[in-house]
Amino acid sequence: MIMMKDHFHKEIEEYQISVWKYSIFALKMLRDSFEAFRSLDRELACEIAGGMESHCISCGTSDGQPEMHQQIMVPRKVLLGLKSDQLEEEGLMLIALNQPVASDLRTISCCMNLINSSERIGRYGKDICHCTYKLPRGIHIHDMVGLPEMAALSISMLEDAITAFRTHDLRMISGFSERDDVIDQMRYAIYEDCIRIMEEDPGTIPYCATYLLIDRYLERCADHACKTAEKIHYMVTGDRVDIR
Amino acid sequence: MKQQNNALETQTLNLYYGSTQALIDVDIQIPKNKVTALIGPSGCGKSTLLRCFNRMNDLIPDCSLSGSILYHGEEITGRSTDVVELRKRIGMVFQQPNPFPKSIYENVIYGPKVHGMKDRKELDAIAEKSLKGAAIWEEVKDRLHDAARGLSGGQQQRLCIARTLSVDPDIILMDEPCSALDPIATAKIENLITELKEEYTVVIVTHNMQQAARVSDYTGFMYMGRLIEFDTTSVIFERPKEELTENYITGRFG
């Protein structure tokens, strides 16, 4: 006997793959943004986040601001927003046309959440790019006060969440509470270090103030990883868990 | 104590049509003043189970059953049960609206009249109360003596519900009450079902999964004569425990 909803389930499967790819796109945006910041690479930052509206879109009018040339190319942040709307629309259509229940409904719900989280993550990437513009070219101070380690951990959580979404393998997200605790500790350690460094040498303020912003962005990204993990758990088992 | 919260209950109910077994060890509890939906593929036994509750299966030759059916804790499968009285207490609404070829008014007071009521004033009061209860009073109050068959399908179905209410039941069984109706009439019946549970216990058999999800508090999933899963409707439609249920409601039925 042919399955009644064969077509619908194929659509759900394809939808999950689209959402998965979108989350990978967003995560790469975050990863590349942090890399742009780490190496103070304005070209890469521009490719992701576009220019800073006031002085980048058109070349050569930077009024002493760092020059940022933008090629005629859509920055990734624009694609991020467009794709998010499109995927949300697709999810709503699946619900409206098929009235899914049980695991189908939970899957679509999880997809919608992941779309939202992915967009947020991509936008934190964009914000990190904007921080890149604020610092002069050159080198960082104090090894970025531990931000690279925090970025690595935050990104690894997102990677594992996205893998779990695709494979339904809950082992990937089983240690998220502990990993999030580490993120929180890092966040406060970086905060305190930055304050101390700024007190000792006010010349470090432009750097440390930027580090504090990124500290916060990375903590938020890990939080999105946890939220996503909760939704994946719900999608797979039907039970709600509270991570952290 | 707990039993008193159940309007109906079956215990290891087995039912046979001749040598074919239609219900297998069904244990179900229908809570009072709630809407309970029975879902499942055609032939799973849900209508058969529904008909057991007011002994409509008595009318089918060759039908035999074992086990218990309790109505407010009282056994109703025995010979001593007054079936006429039972069907007064447990009314039924069918898939196809089936008004009598009489006026709207005559349809509604048919039951009380058969049960011996003659007083015109009393009958008028019952007609109004029942038609109001079935949310059709406003539409028919000025033409009570028109032919019932002249009403639309949705109105006819609500008239049939009014006819059921007229004998003052406490349980209403509905066997796919909306499957012959358009979406607007369906919405009216669904609203009505939600109102009815204030005073009555409703058991509804439906093939429309969304309808079950919308109107019921509890849902039972049946398959091949067995009650596979029974739980609150939110659990059944959000995270059913049985794989069979999951496969059925998501349409992954092989």
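The values are calculated or read from the model by the stated rules, or taken from the named source; none is laboratory data. Quick caveat: nothing in here was measured; it's all calculated off a predicted structure. All Cβ positions, glycine included, derive from the backbone under ideal geometry; neighbour counts span all protein chains shown. To get the accessible areas, we keep the full protein, side chains included, count just its heavy atoms, and leave off ligands, DNA and RNA. Shrake-Rupley method; radii C 1.70, N 1.55, O 1.52, S 1.80 Å.
The single condition among (1) within 14 Å of chain B (Cβ to nearest Cβ); (2) open to solvent by 50 Å² or more (accessible area, probe 1.4 Å) that A:Glu199 does not meet is (1).
Residues of the range B:219-254 that are within 7 Å of another protein chain (Cβ to nearest Cβ), part of a loop (DSSP other than H, G, I, E, B) and open to solvent by 30 Å² or more (accessible area, probe 1.4 Å): B:Arg239, B:Arg252, B:Gly254.
The set of residues from the range A:71-127 being open to solvent by less than 50 Å² (accessible area, probe 1.4 Å) and within 14 Å of chain B (Cβ to nearest Cβ) comprises A:Leu94, A:Asn98, A:Pro100, A:Val101, A:Ala102, A:Ser103, A:Asp104, A:Arg106, A:Thr107, A:Ile108, A:Ser109, A:Cys110. Residues in the range B:162-200 that are open to solvent by less than 50 Å² (accessible area, probe 1.4 Å) and among the hydroxyl-bearing types (Ser, Thr, Tyr): B:Thr164, B:Ser166, B:Thr186, B:Tyr200. Just so you know, in the range B:175-218 the residues that are in a loop (DSSP other than H, G, I, E, B) and acidic (Asp, Glu) include one that is farthest from the other protein chains (Cβ to nearest Cβ), and it is B:Glu199. What number of residues within the range A:142-151 are open to solvent by less than 40 Å² (accessible area, probe 1.4 Å) and at positive phi? Result for the range A:142-151: 3. Can you find a residue that is assigned to a helix (DSSP H, G or I) and either under 18 Å from B:Leu49 (Cβ atoms) or within 14 Å of another protein chain (Cβ to nearest Cβ) (or both) anywhere in the range B:136-146? No.
When the criteria are applied in full, A:Met29 meets the requirement of being modelled with pLDDT of 95 or more and either in contact with a Lys or Arg (Cβ under 7 Å, 6 or more places away or on another chain) or within 14 Å of another protein chain (Cβ to nearest Cβ) (or both). Considering (1) more than 23 Å from B:Glu229 (Cα to Cα); (2) touching a Cys at 6+ places or on another chain (Cβ under 8 Å), the lone condition that B:Tyr105 does not fulfil carries the number (2). Looking at the structure I just gave you, is B:Ile104 of a type in the set (Val, Ile, Thr) and open to solvent by less than 10 Å² (accessible area, probe 1.4 Å)? So B:Ile104 passes the test.
Taken as a whole, the condition of being among the basic types (Lys, Arg) and surrounded by fewer than 18 Cβ atoms within 10 Å (Cβ to Cβ) does not apply to B:Arg158. When the range A:152-166 is filtered for residues that are closer than 15 Å to A:Arg187 by Cα and open to solvent by 30 Å² or more (accessible area, probe 1.4 Å), the ones remaining, listed by number, are A:Ala152, A:Leu153. Here A:Ile139 meets each of (1) of a type in the set (Val, Ile, Thr); (2) open to solvent by 30 Å² or more (accessible area, probe 1.4 Å); (3) under 30 Å from B:Phe253 (Cα atoms) with one exception, condition (3).
Determine whether the range B:66-85 contains at least one residue that is assigned to a helix (DSSP H, G or I), crowded, with 16+ Cβ neighbours inside 10 Å and not aliphatic (A, V, I, L, M). Within the range B:66-85, none of the residues are assigned to a helix (DSSP H, G or I), crowded, with 16+ Cβ neighbours inside 10 Å and not aliphatic (A, V, I, L, M).
Scanning the range A:213-228 for residues that are of a type outside the set (Ser, Thr, Tyr) and open to solvent by less than 40 Å² (accessible area, probe 1.4 Å) gives A:Ile214, A:Asp215, A:Leu218, A:Glu219, A:Cys221, A:Ala222, A:Asp223, A:His224, A:Ala225, A:Cys226. Taking first residues from the range B:135-153 that are crowded, with 17+ Cβ neighbours inside 10 Å and partners that are part of a helix (DSSP H, G or I) and basic (Lys, Arg), the Cβ contacts under 8 Å between residues at least 6 apart in sequence or on separate chains come to B:Ala135/B:Arg158; B:Ala135/B:Lys188; B:Ile136/B:Arg158.
Of the residues B:Asp119, B:Asp170, B:Asp142, the single one that is in contact with a strand residue (DSSP E or B) (Cβ under 9 Å, 6 or more places away or on another chain) and acidic (Asp, Glu) is B:Asp170. In the range B:52-65, the residue that is most open to solvent (accessible area, probe 1.4 Å) out of those that are touching a residue at least 12 places away in the same chain (Cβ under 8 Å) and either in a loop (DSSP other than H, G, I, E, B) or in contact with an Asp or Glu (Cβ under 9 Å, 6 or more places away or on another chain) (or both) is B:Asp62. Screening B:Thr12 with (1) over 22 Å from B:Tyr248 (Cβ atoms); (2) modelled with pLDDT under 95 gives one miss only, at (2).
Figure legend. Inter-residue proximity from the range A:120-145: first residues at pLDDT 95 or above, second residues basic (Lys, Arg), beta-carbon distance below 6 Å, spacing 6+ or different chains. Indicated pairs: A:Lys126/A:Lys77.
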